[in-house]
Structure formats: structure tokens, C-alpha cells
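Take a look at the structure set out below.
The values are calculated or read from the model by the stated rules, or taken from the named source; none is laboratory data. Just so you know, these numbers come straight off a predicted model, no measurement behind them. Neighbour counts are summed over all protein chains in view; Cβ atoms, including those assigned to glycine, are modelled from backbone coordinates with ideal geometry.
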2 protein chains.
Amino acid sequence: MISREKISDLLQSTTFDREVTVMGWVRTFRNNQFIALNDGSCMGNLQVVVDFNNTDDAILKRINTGAAIKATGQLVESLGKGQTVEVKATSVEILGDSDPEKFPLQPKKHSLEFLREIAHLRFRTNTFNAVFKLRHALAFAIHQFFNERGFVYMHTPIITASDAEGAGEMFKVTTLDLDNPPKTENGAINYAEDFFGRATNLTVSGQLEGELAAMAFGQIYTFGPTFRAENSNTTRHLAEFWMMEPEIAFADLEDNMNLAEDMLKFVIKYALENCKEELEFLNNRLLEEEKQKPQQERSELSLIEKLNFCLSNDFERITYTEAINILKASKPNQKKQFKYLIDSWGADLQSEHERYLVEKHFKKPVILTDYPKDIKSFYMRLNDDGKTVAAMDILFPGIGEIVGGSQREERLDILKERMVEMHVPQDELSWYLDTRRFGSAPHAGFGLGFERLVLFVSGMTNIRDVIAFPRFPKSAEF
Amino acid sequence: MISREKISDLLQSTTFDREVTVMGWVRTFRNNQFIALNDGSCMGNLQVVVDFNNTDDAILKRINTGAAIKATGQLVESLGKGQTVEVKATSVEILGDSDPEKFPLQPKKHSLEFLREIAHLRFRTNTFNAVFKLRHALAFAIHQFFNERGFVYMHTPIITASDAEGAGEMFKVTTLDLDNPPKTENGAINYAEDFFGRATNLTVSGQLEGELAAMAFGQIYTFGPTFRAENSNTTRHLAEFWMMEPEIAFADLEDNMNLAEDMLKFVIKYALENCKEELEFLNNRLLEEEKQKPQQERSELSLIEKLNFCLSNDFERITYTEAINILKASKPNQKKQFKYLIDSWGADLQSEHERYLVEKHFKKPVILTDYPKDIKSFYMRLNDDGKTVAAMDILFPGIGEIVGGSQREERLDILKERMVEMHVPQDELSWYLDTRRFGSAPHAGFGLGFERLVLFVSGMTNIRDVIAFPRFPKSAEF
């Protein structure tokens, strides 16, 4: 057994003058005397004071940034600035060296672009320590929120033979020998010989399977990886990302909006309460970054102010039709500043329109509802007007769509009609239709892109910086 | 907004003679009067008493098993046997019909085999309600255990270009047109044109990436899907399953064993405390099932007794070498009853040997350590004897291996030698070797097959019954 104390505990300790052993990675080593030691348990470093007169020169030379060390000594109140405790080391042992000529992380500010290239080491910086602690806290908060409310966590399948969105762009999964695949008599690939006896893909959503479970447990949620084989090289898209999808039986669109708003507020509040150190760091990081920008491009609110603002205000709820009217009359539309001008009902909203509504017009999160049926999925419930569906998208400042959901079409005949209209094959989804054949009931659900939530709460701007090892076109490193 | 009360709340209610609205699925309807209604919030059904004199015949005929209904009426103390409360309905509305000629679930015992065919509906049975509630509770307990101890939850990549185990049998992931793939000049498939610019697979483990994070945060865990393209049609294997992998820095094999034992006991205790109703049901289900077996094949302990036994006893910890000696001298080896006889050190243990140790010899969970290096992975730490590695497998009764782990080889030179010996390409894992180049430190970790844990705690016997939509050779249904 290896015995050590965590730095997070020591920094909060109030019992002094006792011997402690700590292990961690050297962040800096000043004056041959002061080690800033970090063990990942918190953002703060512990100051370890080396008795350099009684320490081997050979050891002193190996106390470099990035090296792992073990230090034993007295925990004492610190007289120095910037810390309340320190360890007066009686022994320092090198666990693992770090060649200063080769270790890529030096005690200076590195660009996020550079750190992305060394994603396997970037966790050792303050920024990524904070981001991934926050990501952890948000994931835990999601589980806690749903567990407290009696939802059942479902693991829906990753490999699937169905296409939930009816929207292509999926990754194929196969064990066939691609150099020499088995063929059918007419020369096509013979998927009957593939592992699953048919063509399979990586899932784009667990919703359809989630609905099956909701129609038994009443309330369920999924939280797992989903995939899009889209050739998008943007700061908001990933080929592999985590999605959380609750589904509730005996619920309509309003229940769905309430659930989504409650959940978002719960997890943001949880982060504010449980990640104070991390959020303060990210808050200040963002303030520093904004100083580089011209005055008018800076945010009106700091990161923490923005999060608190979200908690203390109701999300604005408007219909798509109302949104179109606002956008039509808006200055950027009148002055033709939008790239895509809004001239009529039915237009799909672009990112520029969503941002205008959220960031300029309402200046708070907005829930848009009741979209035209033609721009939404087949499973969304047709409204009585016959032309809109009971959909909802939640738009967040700086992020755009963070949640997309709907009341589901529970009426078998209408669902089938919509599938015909939208060319969704019914035979492949016979199991899905069974929920409408046997004990159908009103139900609703939504999907939350987890990385977009982490982006929003962390104040980071590139989605590749909030997932450990991002997957995007031409990149599957690590 | 749709207003209803959950049956779980009503069954525990102590305020009566108030009007309530419930929604759920009809389990049974007796004497044109008594509906057993289930809404998934708990295993128990609520009795809804229909006033059949004042209810339309047309409605009464539609109250069939599987139908979804809404009932409003007075919540009263029940005089009948088997329940403490009931609802005297003043109105019953059919939300969704269920044709009794077609609905596959009838109020009788169905075989697990049959239910597996209709996995999209099996959640509506008591057995699967219990199993998936339990699965939820175990997943939540895992998150709670690690969160309380300051571990960081990492989402390691699903699509990967590396093979963590160096052991083949992976699913390929591609967006190439398989009917007409791009070729290089020498006729091979040109993966440079694939989505990620190289050949990629579905991950078999997040361990290697987990190690990267542990060497920054000190303590991390993963919990996500992993994949094996093995052609195994057994009751213990799946092509897609969930795995939980903690990784701890500044830790050795003993720390690792302690963590695994603490974690397993924590989650089992959590289930016993939070899933009383479900475990009692599964306990009785198993007792019934065992009655069909001859006396000598029945378990000595009931399910709940077995779980409590696990909590109150230390796991037996022995080395591989000790295990070999026990097995060599064992009756089934002497009498040549083992299929694979143990005659010398170095043999890989088979399921029959593991079961003998756990179920016959020690009669409790066993942690086997220090396996021969040749039968274990390259990343396991070489012991001083030069022939064993600091590995550990935890064996559970009825399950076999539930946890596999090791102290990791933190010494760069020895790790590289092991990679050469075991033909693991070093250039592809350069990022992994960086953890040993820069601030290496002793560390350890393990993997827990989540479905095997659910199997053990639920007392189910086929792994396909503890995951919602199992993936196995020739099957990717739903």
C-alpha cells in the first residue's frame, strides 16, 4: 500500500506540525527551494520547501516541471504570500523524471491550439484541470437530478440497425474483410455474413429505444455517446459526443419544457455550488481573454454572472411563428445584415437568427416551440393546426441550440402518415410502432448535447476543448 | 401540462379521501371491476375500482391488459387483501388501446427466452422492471462512490485508432463506400480517404486513455460502452457492454484491491438499501426457479443472503501460484473431472477452475493476484521475480471474473521491453509512453464489466437479460 495525503485535504488542514507525505507533479521550482506541487485533487498547488543544504545536488537537478515526486516533511502554517500551509520537506524522492528539454508543458501560458495537439498532457494545466472537473460535476449533477426524481437510467444501444433521425450521415460498423468482402449473387456486399447478419451503424440518438422504456417505467433518461459522420469542422460539432435524453410518459410539451428548464437550472446551480474554485478560475480566464477584444465585442456579463442570470430568470418561451415575426421586423433583417434573410413563415432558423433572438432581443435563454412540421422529425406530435409540430428547441447565449425535444406523436394512424410523408420505412421500425399499438399514451422528451452544456458553463469557446479526446474529420488521435 | 400522481407515491400515502388522477398500464382487469394499474414508478400495482354500473360498456371492453388508461377518483384505504390503498374511480379514460388478441404479454408467466424476442415490451413485466431498476441503482451507486471520493469521471473515446489490449477482435468503423472503396496504387483500401484519415475501430477499453488522465487528476474513472467482435454465443458475453474503469495514481496492487473491494461492497450495500422491493422479488423468483432443480444443484444461499454474505466477509486474496497448488491437489483435478487438468505452473485458468476456487474451496469472492506474465497484458507491472505481473482478477460465485486489473508498468524501459516481447507497436502508442517519459509514477486500475455486476446482484443467469437491447452474433434488433 502506498500512503500519501491529498493536497486538497492538506490545503484545508487546520492541524499543523505533523509529518505528512505528499506525491504529485512539480508545476514550478523556484530558487532551488520552493516546489509548487499539484496532485490533481484540486487546482491549488501545495508549497513544498526543500532544505537545499541537506539535499543531494543530483536530486535538486531532477526537480523539474512535470516530474513526479514524493515529499515527506512537517506540515506547517506558511508565512509566505499566497498560501496558508506548506510542507517543510525532510526528504524528496523523484518518482518519475521530466526532461525539461523535452516536456512540452512549461510554466507559461500555452495556446489552446497547442494544447489540443497534446491532449494527453493538457489535463495537467489549470485550464483543463478546471474544465474536466466541471465536466465531471455536470455529469454527476445530471445523474443526481434524475435519480432524485425517480427516473431510470437506460443504456440504449450504440450499434444499431436503425436510423433514429431518418437523416443519414452515420458511421458503418462491420467486421467484414473490406479488402475482400463477401458478395451476393448480384454483386452487392453480402451483409448477411457480417457480424450482426445485417448492415449496422453507430447510433445518432437513443431516443426511439428510450421511448420504449418510458412506456414501461414512466420516466427514463439515457446518457451515452452518439455519433455523426458529418464533415463539419466547426467549433460546435464533434463526430463523437455525449448526449443525455430523458423521455417521460403521460407528459406534454409544457411538461417537457418544465423538465428541461428545471434540469438545466439544477445542474448549473450544482456547478456553482460544487466547483467554486474551478469557476472562479475560468471566470478570470475569460475576463483576461476579453480584455484582448474591442470594448463592444466584450460580454456584458462575466461567466459567473451569466450562470447566475440563467438561474434567476425564467427562460423565454415563444412559438416559432412569434420568432419569425420578431426576426422579420428586426434591424439586421431590415438592413439586410443577416446572411439568410427571413421573408416568410416556414424558413429554417440559422445560427445567426437564434443568436439574435437570444443575445440581442431577449438577452436570456429562449425556448422556441411549434415549428413547421416540414423542418422537423417524423416522430414529433402534429399540432391541431395541421402544419406545426409540438417541438421545442432551447437556445442559449453563445451556444445556440443546447436542447432539442418534442412531444411525441402517440397516435398510430397519424404517426404512420408522417412516416410515409417523410419516407421513413415502417417495417424497420415495427418495434417502435408497437408502443403506439399497445397502450399508447402522450409522452415527450428531449436531447441535451452534453458538450454544449460544458461549453456554456465553462465559458470555453471550442467544443474540442471540453471533451478529452475529440473526434472530428481526419482526426482520431490518442 | 398533464397532471397525475405517481403510483409509488400513492401506495405510500397516508392521507385519504382525496381526489387523485393516475395514469398507467393495465396489468389485469378482474370481474369487470378491479384494475391492477402499473405506471412503472414502482413494482407494485395500484388497485383501481371501476364503478361498472356507471361506466360505458364500450369503455369496459377496452380495459385490457396492456392498455394505457387515465383514472380519476377517491383515494381510500382498501378493505381488500394485498393492498392498503385503492382508488374508487369516478371516471376512466382509455389513452391507448391494447388488442388482447395481439398484445404479446398476457397475465401469466412468460419464459425469459420468449421475452428476449420482445425486448421492447419486456420492461412491462415485473422481472424486467426489477432488473432495470436495479441496473439503474447500481449505475448511480458507482457514480456516487467515485464522486464522494474525489474521482473525476472521464469519457474516453469510443472510436479509436489504437487497440488497448493488443488483442484483435474489434469492430471496424468507416464511412467509406464499401461497394466501391477508394484504393491506393497497390490496390489496398485507401483509409487516408476515410472519415478519420485512417482505419478506426470501436474501443475495447478506455484504460490507456484513462491512465493519461489519472496522471493528471490522480484519481479518475470511466463508465461507458466497450465492444468485442468475438463470435461468442454464451450466457456471459456480449458484443456491446458497459465497462467501468477506475485508474489511480500513486497506488500499488494492494491499493487497487482495496478500492475494488470497497467499491463492490458499496454498490451491493446501496442496492440492498435502495432496491428492497426489487431484490425481494428477484430473491423469490430465484427460489421458485431453484425448486425446479434437484436438491444438490440448488444454491446454499438465497440471493439476498448471498449479497449480505459478500458484504460481511473479506474477499479471499491469494496468488496465482497458491491457486495452482490448491487446484493441483483438488479432487476434480485428481479424479480428472476438470476438462482442462492443471499439471503445471503457467496454465491459464479456465472457468471451471475459477468456479472451483470460489464456489467449492473458499465459498466466497476471491482475488487472484500475480499471474504469469505471458498470459497477461503488456502494461501490467513486472514483479521482482521477473516471471509474474502485478495483476488481479476478482472472481465471484456464479459469475467468474467480474473485475480484472493490475498495477501498471510505470518504468519506461521495462514497459518498452514488454511491448517488444508482446509485439505491441510502440510508435502507435507514443502518447501512452509519454506518461512514463514525463513524471511517471506508480499507478493502478481495474475494469468492471457492468453487466456481470448486474447479473450477480439480480440473480439472473443470462447476460442478455440484464442489458436493454443485447448485441451478439447475428443480432442487432431494436
Picked from region B:15-27 (must be assigned to a strand (DSSP E or B) and surrounded by fewer than 16 Cβ atoms within 10 Å (Cβ to Cβ)), the residue nearest to the other protein chains (Cβ to nearest Cβ) is B:Glu19
Restricting region B:236-252 to residues that are at the interface with chain A (Cβ under 9 Å from one of its Cβ atoms) and among the aliphatic types (A, V, I, L, M), the one surrounded by the most Cβ atoms within 10 Å (Cβ to Cβ) turns out to be B:Ala249
Considering region B:158-167, residues that are within 7 Å of another protein chain (Cβ to nearest Cβ) and surrounded by fewer than 23 Cβ atoms within 10 Å (Cβ to Cβ), and then whichever is farthest from the chain's Cα centre (by Cα), we arrive at B:Ala161
Using the structure shown, decide if B:Leu115 is assigned to a strand (DSSP E or B) and either aromatic (Phe, Trp, Tyr) or more than 10 Å from chain A (Cβ to nearest Cβ) (or both). no
Notebook entry, point to check: What do you reckon, is A:Gly197 in a loop (DSSP other than H, G, I, E, B), at pLDDT 95 or above and not assigned by TED's automatic domain parsing to the domain that holds A:Ala260?
Noted result: yes
Across region A:134-155, the tally of residues that are touching a Lys or Arg at 6+ places or on another chain (Cβ under 9 Å) and farther than 13 Å from A:Ile220 by Cβ stands at 1
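One line per residue, one yes/no per condition, for (1) under 28 Å from B:Cys42 (Cα atoms); (2) out of contact with any Phe, Trp or Tyr (no Cβ under 8 Å at 6 or more places or on another chain); (3) surrounded by fewer than 19 Cβ atoms within 10 Å (Cβ to Cβ):
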| residue | (1), (2), (3) |
| --- | --- |
| A:Asn129 | no, no, no |
| A:Phe132 | no, no, no |
| A:Leu138 | yes, no, no |
| A:Thr156 | yes, no, no |
| A:Asp177 | no, yes, yes |
| A:Lys183 | no, yes, yes |
| A:Thr200 | no, yes, no |
| A:Ser205 | yes, yes, no |
Do we have any residue at all in region B:176-187 that's more than 10 Å from chain A (Cβ to nearest Cβ) and touching a residue at least 12 places away in the same chain (Cβ under 8 Å)? no
Condition set modelled with pLDDT under 95 and more than 24 Å from A:Phe128 (Cβ to Cβ), scope region A:256-297, selection surrounded by the most Cβ atoms within 10 Å (Cβ to Cβ): answer is A:Glu297
Reported set for region A:308-360 where residues are in contact with a Phe, Trp or Tyr (Cβ under 6 Å, 6 or more places away or on another chain) and of a type in the set (Asp, Glu) is A:Glu316, A:Glu352
Those residues of region A:420-478 that are out of contact with any strand residue (DSSP E or B) (no Cβ under 9 Å at 6 or more places or on another chain), within 13 Å of chain B (Cβ to nearest Cβ), without any contact (Cβ under 8 Å) to a residue 60 or more places away in the chain and not in a helix (DSSP H, G or I) come to a total of 2
Here the residues within region A:303-344 that are surrounded by 16 or more Cβ atoms within 10 Å (Cβ to Cβ) and assigned to a loop (DSSP other than H, G, I, E, B) are A:Phe315, A:Ser330, A:Phe338, A:Ile342
Counting only residues in region B:202-213 that are more than 8 Å from chain A (Cβ to nearest Cβ) and part of a helix (DSSP H, G or I), the one farthest from B:Asn147 (Cα to Cα) is identified as B:Leu208
Of (1) touching a residue at least 40 places away in the same chain (Cβ under 8 Å); (2) among the charged types (D, E, K, R); (3) crowded, with 22+ Cβ neighbours inside 10 Å, A:Glu410 fails just (1)
Condition set touching a residue at least 60 places away in the same chain (Cβ under 8 Å) and in a loop (DSSP other than H, G, I, E, B), scope region B:1-14, selection farthest from the other protein chains (Cβ to nearest Cβ): answer is B:Ser13
